[in-house]
1. Which value, in debye to the nearest 20, describes the size of the charge dipole of the chain about its Cα centre when Lys and Arg Cβ atoms bear +1, Asp and Glu Cβ atoms bear -1, and nothing else is charged?
2. Given a cut-off of under 8 Å on Cα pairs at least six residues apart, what relative contact order in percent is computed for the chain?
3. Using θ = phi - 60° and the Karplus curve 6.51 cos²θ - 1.76 cosθ + 1.60, what whole-Hz ³J(HN,Hα) does each residue of region 57-72 get, with Gly and Pro shown as x?
4. Could you give each residue of region 94-110 its phi-based ³J(HN,Hα) in whole Hz, using Karplus coefficients 6.51, -1.76, 1.60 with θ = phi - 60°, and x for Gly or Pro?
5. Among 61, 11, 51, whose mean-square fluctuation peaks in a Gaussian network model of the chain (Cα, cutoff 10 Å)?
6. Just the number, please: Stokes-Einstein D of region 25-107 in µm²/s, Kirkwood Rh from C-alpha pairs, 4 °C, 1.567 mPa s.
Amino acid sequence: MYGSTGSHPHNRINQYIVKEILEASPQQLLIKIYDFAILNCQRHDLSKTNNAIQELINSLNFEDESAREISTGLLRLYQFCQDQMRKREYDVVYKILTELRDTWKNAFNM
């Protein structure tokens, strides 16, 4: 319908997003996941919010002994958030995710 030239506006947006993600640092990607989770929490989208939180869980580092304690604490918080989403406690999840996101942004000097 639009041809194969990629002139459809969604194609340009998708190309921009793909380029932005591919060029992002690990720190920037982490913040983007938080942003996605927070946005979908505000929209009361259980599935997308919990999928984003699952990505945060998948990014935890339990191999490095110095990171294990922090990762364990974050795992508990993320699991709590997933549970609260299922209970439709959106305000609780929003508060936790935004505070974690702001903490990471400060830690990364972003």
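Each value in this text was obtained by applying a stated rule to the coordinates, not by laboratory testing. Everything quoted here is computed from the prediction, not taken from an experiment. Virtual Cβ from ideal backbone geometry, glycine too; neighbours counted across all protein chains shown.
1. Values: 13 positive and 14 negative charges, 92 e Å.
In debye, rounded to 20, the chain gives about 440.
2. Values: 72 pairs, mean separation 28.4, N = 110.
Relative contact order for the chain comes out at 26 percent.
3. In residue order, the calculated couplings are 4, 5, 8, 5, 10, 9, 6, 7, 4, 6, 9, 4, 5, 5, 4, 5 Hz.
4. Going residue by residue, I get 4, 4, 5, 5, 5, 5, 5, 4, 5, 4, 5, 4, 5, 5, 8, 6, 9 Hz, with x marking Gly and Pro.
5. Maximum among the listed residues: 11.
6. On the way: Rh = 12.7 Å.
The Stokes-Einstein estimate is 102 µm²/s.
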